Structure formats: structure tokens, C-alpha cells
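Below is one structure, written out as C-alpha cells, with a few remarks after it.
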């Protein structure tokens, strides 16, 4: 790939993914219940080898995958992304036993993963999380002398706005173990859904994918459940988000491109004032603006993914820029697409009605737009100080 265009093989792969999303995955998505995990859809993603690609791809390939699926079936894209988000910490920081136990099922679409970071009082400020992990005499199955001190923890508190909750089979949970203040006292745990004391409920949200809350009432975890090292869990979370933030932008770009193509077709064929809508300069200029912003967002997403794949130290800044611009652009494009379509786009079941509900949440999750601006500014001023 050059800095401005995809290669022929990449374009053909993206075309196949768009066709797969429309022809096989979309019908499965339409049979699902909004707000519930669609296990047949996950199984199809596994059968097609797409869940496996999440774990073996670089950031650029992940972006192309998410953008292409989003164009044809946002539910399939989101189901795939949530599997990656929930299970990537296991791939990156898990023990061989943890990886062997959980990842094959995730890749096959048999097991549902979830990333449990946000809390009622700690959304964008993830370092402020309050879920406590109090020292216990021993975790489940932990023998005396296992781990650093032979002991485990009891998790107490709440997580909220957790995608795939409460239906996931396991959760990557971030809790405060207190080795230090702020982010330095957080540990990542792999918590199976059947662990005693763990309950949850679904939340009725605008977005059609499953989101819920989790309640931890002294949930036992042991050293064998730790992902990485105690007190180093915030780094596990940030490593995961740095990879997935550019691809959230790719999801947004996929929705923007779908809305743009629908608008082009509609305005080119809809009769109005003795011609078609596209003949009106106000309409044509708005469509040109939608296309330009979409292309700019797409290129910034690819640049951020390339920075991640090359190991650039600029990843936090570029990932934040990509997510910020792409999600804000998608909101703009979808909103104007609805306006240019008129009342038909407000009907339940219309593509744009669906995209209008889908496009709002990405400006909030995995770091709201305001947080992305803060990250960008901090990175810029850090570079100034370093010079």
C-alpha cells in the first residue's frame, strides 16, 4: 500500500468482504434480536475465518476488515470487533493456559468475550476506576504457595456500559489492587461468567448491539486469573485500545462510505424541480463535502494503522486523531445523508435510519471525542518539551 491508495489485492479482498457482509452476514444479522448477542452471526464469522484474522492481522488489515464489514453489515462488524476487544488482552498478556483455554473458542465464534473497563463513575477517565480487588486467602483453585504470596482477591463493585454483557462467556476485567495510586494500582483479570458473585443485566441503549452492567459481589479470582502482572493492568488496557482505536475509525469510515454511496444513488435519480436533486448546486456541494471528509478520515485511519504496524512512538497521537476525525466525520456524513434523503430515511428498516442509530455511539466509547482531543494535545506538547 502507498500512502494514498490500496493495492489491487487489498481492494479485491475488501470487495469480497463487502459482498460477504451483504450476502451472508446481513441475513443472519436481521434474524437477531437487538440488544442480544447473535451467536449464529458469530459462528458464521468464525466459519469464514474472520475472527481468526482479528488475532493475526496488523492494525492496517484490521482496519480494512472492519471498514469493509461495516459497509455491508454493521452488526457483523461490531460482533467481530467486540470479540477482538474482549480477547486481545488474553492474547497479549495471558498465560499459555489462559490462551489455550479461551482463544480457540473465541476464534471459532463459540465463546463470547467482553472488555470490562468502564464504570458508573469511570468512563472516559479509565484510571479513576473503583472496582476493588481485596486480598483474599486464596483464589478459586489456587493452592497454598501459588502466585506471589499464595493468595487471591475478591472483586467488589460495578461495571457499566460493557458491550456483550451480560451474555459473554468471559470478561477481561480491570480492578484496583492498590499497588500504587491512579493507573499504577490496576490489575487485569480474566473472569469467567459463571464465577460465583458475578451477575449482570442488559441495558436498553440506542445502539443495537448488546450492552449491559455487571455486579461483582466478592467475586473470587486467583493468581491464575491475572492477565500480565498485578498492578500493570492499565498498560494491558491501553495496549488494547491503541490497537483498536484506529479501527473504530475504520468502522466509522465504513458507515460513512455506505451513507455516501446511498446518497449518490438517491440524488442522481430523485426527480426534483424539473431535474434531479444532483442538479441542484446546494445538493452537489454538500455531497462533495461529504465525500472529501470521508476520504480524509479514511487516509488518517490508514496512517494511524501504519504507525502502529511500524512501531512508531506516535501511535497514541495518531490513533486519537484517527478515531476523532473518523467518528465525527461519520456523524456528519450520515446526518447529511438523512437530510438529503428526506422522510424516507426516517423509516424503520431504512439503511440510513439504521446508520443514524449506529453512528452516534463511536464518538463516546473507547474514549470520547473530548478525550481524544486531550490525548492529541498532551502528545503535541510532550513533543515540544522533548525538543
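Note on the stretch 306-330 and the stretch 170-249: Cα centroid distance 23 Å, given to the nearest whole angstrom. With a/c under 1.5 counting as rounded, go ahead and sort the stretch 84-135 into rounded, prolate or oblate using the C-alpha gyration tensor (a ≥ b ≥ c being the square roots of the eigenvalues; past the cut-off, prolate if a/b is larger than b/c, else oblate). Prolate shape, in that a/c is at least 1.5 and a/b is the bigger ratio.
Note the direction-averaged projected area, equal to a quarter of the hull surface, for the Cα convex hull of the stretch 113-231, in nm². One quarter of the hull surface, i.e. the mean projection, equals 6.9 nm². Per residue, the average separation of C-alpha pairs within less than 8 Å and at least 6 apart gives the chain a relative contact order of 16 percent. Helix 8-20 and the longest principal axis of the C-alpha atoms of the chain enclose an angle of approximately 80°.
Would you work out if the stretch 235-386 is rounded, prolate or oblate? Take a ≥ b ≥ c from the square roots of the eigenvalues of the alpha-carbon gyration tensor; rounded if a/c is under 1.5, else prolate when a/b is larger than b/c, oblate otherwise. Because a/c hits 1.5 or more and a/b exceeds b/c, the stretch 235-386 counts as prolate.
What ratio of Cα Rg to 2.2 N^0.38 Å holds for the chain?
Its radius of gyration relative to the 2.2 N^0.38 Å reference: 1.02.
Structural descriptor for the stretch 8-108: relative contact order 35 percent, calculated from alpha carbon pairs under 8 angstrom and at least 6 residues apart.
Packing, as the average of other Cβ atoms within 10 Å across residues, places the peptides 193-206, 162-175 in the order 162-175, 193-206, highest first.
Can you tell me how the stretch 8-108 classifies by the Cα gyration tensor, rounded, prolate or oblate, using a/c under 1.5 as the rounded cut?
oblate
Protection proxy ranking of 334-345, 253-264, by the mean of other Cβ atoms within 10 Å over each peptide's residues and highest first, is 253-264, 334-345.
Annotation for the stretch 269-294 versus the stretch 34-53: alpha-carbon center distance of 37 Å. Using just its DSSP H runs of length 4 or more, each adding -39500 (n - 2.57), the chain gives a mean residue ellipticity at 222 nm of -17500 deg cm²/dmol after division by all residues.
Here the spin labels are modelled as points 7 Å beyond Cα on the Cα-Cβ line, and at residue 217 and residue 202 they lie 2.2 nm apart.
None of the figures in this text is laboratory data; all of them are computed from the coordinates on show. Owing to the predicted nature of the structure, the values given are computational and were not obtained by experimental measurement. Neighbour counts run over all protein chains shown; Cβ positions are idealised from the backbone, glycine included.
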